[in-house]
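Asker: First, the structure itself, so that you have it in front of you.
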Amino acid sequence: GACAMAAPAAASRLHASRPRHDLLPALRQRRVKARTFFLAVASLLLPLIVAGFGLACTFAGPSRTGALRPHAATATDSSVARASGAQAALAEVPMPVALADIEEARAQEAAKRYRMVELTLPQEYAAGPVGAAFIGPAEVLASEAEQAGRAPVVLLHGFDSSSLEYRRLLPELEAAGVAVHFFDLLGWGFGDVSAVRDFSPAAKRAQLYAFWKQHLGGRPMVLGGASLGGGIAIDFAAAYPEAVEKLILIDAQGFIDGAPSLGPLGGLGIKVLSSWPLRWMANQMAYYDKETYATDDAIRIGRLHVETESWEEASLNYLNSGGYTLSPLISKVGVPALLLWGEQDEILDGSEQVPRFLEELGGPVRMEWIADSGHVPHLEQPKRTAELIAEFLLQPEEEPPAARAKESAVLAV
């Protein structure tokens with residue numbers, strides 16, 4: 001906007017000091033320089049998107065309203081997703097006004113189910129209580145899981161995303177009888193982080209630990225995630241093995257370490273990171289069926305959290321922290337794992353990534369390819385993804401040793 005306003009004034013100055021025939025070449029040169037600069041910045045950030053994973057599916061809008069308000073349904077749906085007396089104390093989550101621009105019904109339904117729980121983090125990470133946002137299980141399923149003694153299930157979204165990434169998986173998992181918490185990581189999604197000092201991997205780990213301990217009661221859980229969310233699940237399982245009894249990895253990041261520091265250009269880099277053109281490129285890379293799924297509405301849903309007031313500071317803090325170092329941790333995770341991979345993943349090539357996971361994960365692994373899917377099978381093939389997760393969670397473990405499952409999966413590659 002500022003550049004557009006400055007252009008007429010610049011043109012007037014050029015016109016006053018040069019002959020008319022010099023004006024257009026000069027303006028063209030300026031446009032070329034500006035375009036070159038934008039592409040240079042984008043080229044620095046695109047590897048982050050490719051290595052950050054999941055970003056295309058969950059980024060928020062091209063402009064910022066600067067204000068938050070509760071979504072229209074919050075005044076009348078106070079009973080939604082309240083599974084127990086403990087959950088009755090949960091707060092509703094204010095959503096950006098741009099939610100009204102989103103067309104997909106499942107995104108709107110998922111947004112209505114957001115709740116927030118107050119967590120206490122160590123003072124090195126937060127000066128006061130932190131509001132953690134999540135989409136919780138339906139009341140009936142939560143009650144059934146508790147009575148049956150099943151472990152809580154927590155799924156984490158990808159880089160710079162939100163739990164709306166799981167909007168299509170949510171109803172499919174519930175139809176299969178799975179009670180699940182979709183959790184917004186510190187600094188992403190829609191939580192209240194006004195008291196947060198640090199958004200580094202250590203702080204995100206502390207937030208997830210607090211959610212596990214303070215909200216889930218410290219019971220061993222099934223933890224999983226998509227893209228970088230899968231990597232964060234690995235990081236947590238390695239740090240707190242007592243907290244995780246099974247692992248679910250969906251096209252997970254594991255072998256690309258770190259995040260690029262933006263340094264003195266941080267403010268500009270964050271603006272580019274939130275820009276529509278960059279998100280459009282990532283959206284195209286994420287899906288196999290681009291015509292059906294790589295829509296403008298998908299970008300709006302994915303970028304909705306960028307409308308929150310804390311997003312820029314949180315993102316810059318995270319990137320300048322150096323990001324996650326995951327590759328040394330994978331062999332330290334010894335719990336049973338479900339490894340799902342889209343056959344047509346253009347961001348993380350399964351033929352390269354899957355054999356490494358099968359070789360390095362320390363516990364038994366069930367590996368399944370998901371046909372007709374790119375980097376986000378939970379969005380392109382949610383029914384099949386949910387079926388495989390439900391089988392992994394609800395059926396008894398098979399007797400054959402993990403080596404047989406690993407050998408079979410490697411041969412399939």
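The values are calculated or read from the model by the stated rules, or taken from the named source; none is laboratory data. Predicted, not measured: the structure shown is a model, and the values here were computed from it. No Cβ is skipped: glycine too gets one built from the backbone with ideal geometry, and neighbour counts run over all protein chains shown. Ligands, DNA and RNA are stripped out before the accessible areas are found, and what is left, the full protein with its side chains, is counted by its heavy atoms. Shrake-Rupley method; radii C 1.70, N 1.55, O 1.52, S 1.80 Å.
Asker: Would you pick out the residues in segment 277-312 that are within 15 Å of the chain's Cα centre (by Cα) and among the basic types (Lys, Arg)?
Answerer: Selection gives Arg279, Arg300, Arg303.
Asker: If you don't mind, there's one more thing I want to ask. Being hydrophobic (A, V, I, L, M, F, W, C) and more than 19 Å from the chain's Cα centre (by Cα) is the filter; apply it to segment 173-195 and report the residue that is nearest to Leu273 (Cα to Cα). Reasoning before the result, please.
Answerer: Within segment 173-195, the subset hydrophobic (A, V, I, L, M, F, W, C) is 173, 175-176, 178-180, 182-183, 185-186, 188, 190, 193, 195.
From what's left, more than 19 Å from the chain's Cα centre (by Cα): 175-176, 178-179, 195.
Working: Ala175: 36, Ala176: 37, Val178: 35, Ala179: 34, Ala195: 24 Å.
Checked segment 173-195; the qualifying residue nearest to Leu273 (Cα to Cα) is Ala195.
Asker: Further question on the same structure: Would you check if Pro129 is open to solvent by 10 Å² or more (accessible area, probe 1.4 Å), touching a strand residue (DSSP E or B) at 6+ places or on another chain (Cβ under 7 Å) and over 30 Å from Ala286 (Cβ atoms)?
Answerer: yes
To keep it simple, each residue is scored yes or no on (1) over 23 Å from Val376 (Cβ atoms); (2) under 21 Å from the mean Cα position of the chain (by Cα).
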position	(1), (2)
Gly217	yes, no
Gly231	no, yes
Leu262	yes, yes
Gly269	yes, yes
Ser275	no, yes
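Asker: Still on this structure, I have one more. Is there a residue being in contact with a Cys (Cβ under 6 Å, 6 or more places away or on another chain) and at pLDDT 95 or above anywhere in segment 385-406?
Answerer: Checked against the condition, which is being in contact with a Cys (Cβ under 6 Å, 6 or more places away or on another chain) and at pLDDT 95 or above, segment 385-406 yields no hits at all.
Asker: What is the residue count in segment 373-392 for residues that are more than 19 Å from Ala105 (Cα to Cα), open to solvent by 10 Å² or more (accessible area, probe 1.4 Å) and not hydrophobic (A, V, I, L, M, F, W, C)?
Answerer: Residues in segment 373-392 being more than 19 Å from Ala105 (Cα to Cα), open to solvent by 10 Å² or more (accessible area, probe 1.4 Å) and not hydrophobic (A, V, I, L, M, F, W, C): 3 in total.
Asker: Okay, next question. Please specify each residue of segment 104-126 satisfying the condition of being part of a strand (DSSP E or B) and open to solvent by 10 Å² or more (accessible area, probe 1.4 Å).
Answerer: We begin by selecting, within segment 104-126, every residue part of a strand (DSSP E or B); these are 114-119, 126.
If the condition is that a residue be part of a strand (DSSP E or B) and open to solvent by 10 Å² or more (accessible area, probe 1.4 Å), then Met116, Val117, Glu118 are the ones that fit.
Asker: Just checking: which of the helices (runs of 4 or more DSSP H) contained wholly in segment 284-371 hold 2 or more residues that are closer than 21 Å to His157 by Cβ and open to solvent by less than 10 Å² (accessible area, probe 1.4 Å)?
Answerer: In segment 284-371, 296-302, 311-320, 350-360 are the helices (runs of 4 or more DSSP H) which contain 2 or more residues that are closer than 21 Å to His157 by Cβ and open to solvent by less than 10 Å² (accessible area, probe 1.4 Å).
Asker: Follow-up question, since we're still on this one. Just one of (1) surrounded by fewer than 17 Cβ atoms within 10 Å (Cβ to Cβ); (2) part of a loop (DSSP other than H, G, I, E, B); (3) of a type in the set (Gly, Ala, Ser) trips up Ser143, so point out which.
Answerer: Failing condition for Ser143: (2).
Asker: Something else now. Among the listed residues Leu247, Leu268, Leu228, Leu278, identify the single one that is hydrophobic (A, V, I, L, M, F, W, C), farther than 17 Å from Lys332 by Cα and at pLDDT 90 or above. Don't jump to the end; show me each part of the working.
Answerer: Values: Leu247 fails: farther than 17 Å from Lys332 by Cα; Leu268 fails: at pLDDT 90 or above; Leu278 fails: at pLDDT 90 or above.
Within the list Leu247, Leu268, Leu228, Leu278, the selection yields Leu228.
Asker: On to the next question. Being more than 29 Å from Ala286 (Cα to Cα) and not aromatic (Phe, Trp, Tyr) is the filter here, so list the residues in segment 199-229 that pass it. Before you say what the answer is, go through the steps one by one.
Answerer: Residues of segment 199-229 more than 29 Å from Ala286 (Cα to Cα): 206, 209-220.
Ala206, Ala210, Lys213, Gln214, His215, Leu216, Gly217, Gly218, Arg219, Pro220 - these are the residues of segment 199-229 that are more than 29 Å from Ala286 (Cα to Cα) and not aromatic (Phe, Trp, Tyr).
Asker: In segment 313-324, how many residues are of a type outside the set (A, V, I, L, M) and under 16 Å from the mean Cα position of the chain (by Cα)?
Answerer: Number satisfying all stated conditions: 4.
Asker: Looking only at segment 236-253, count how many residues are acidic (Asp, Glu) and crowded, with 24+ Cβ neighbours inside 10 Å.
Answerer: Filtering segment 236-253 down to residues acidic (Asp, Glu) leaves 242, 245, 251.
Filter once more, so that each one left must be crowded, with 24+ Cβ neighbours inside 10 Å: 251.
The qualifying residues number 1.
Asker: What are the residue pairs meeting all of these: first residue in segment 108-120, first residue in contact (Cβ under 8 Å) with a residue 60 or more places away in the chain, second residue open to solvent by less than 40 Å² (accessible area, probe 1.4 Å) and of a type in the set (S, T, N, Q), Cβ atoms under 8 Å, and 6 or more apart or on different chains?
Answerer: Here the result reads Ala110/Ser163; Tyr114/Ser163; Leu119/Gln207, each pair linking segment 108-120 to a residue that is open to solvent by less than 40 Å² (accessible area, probe 1.4 Å) and of a type in the set (S, T, N, Q).
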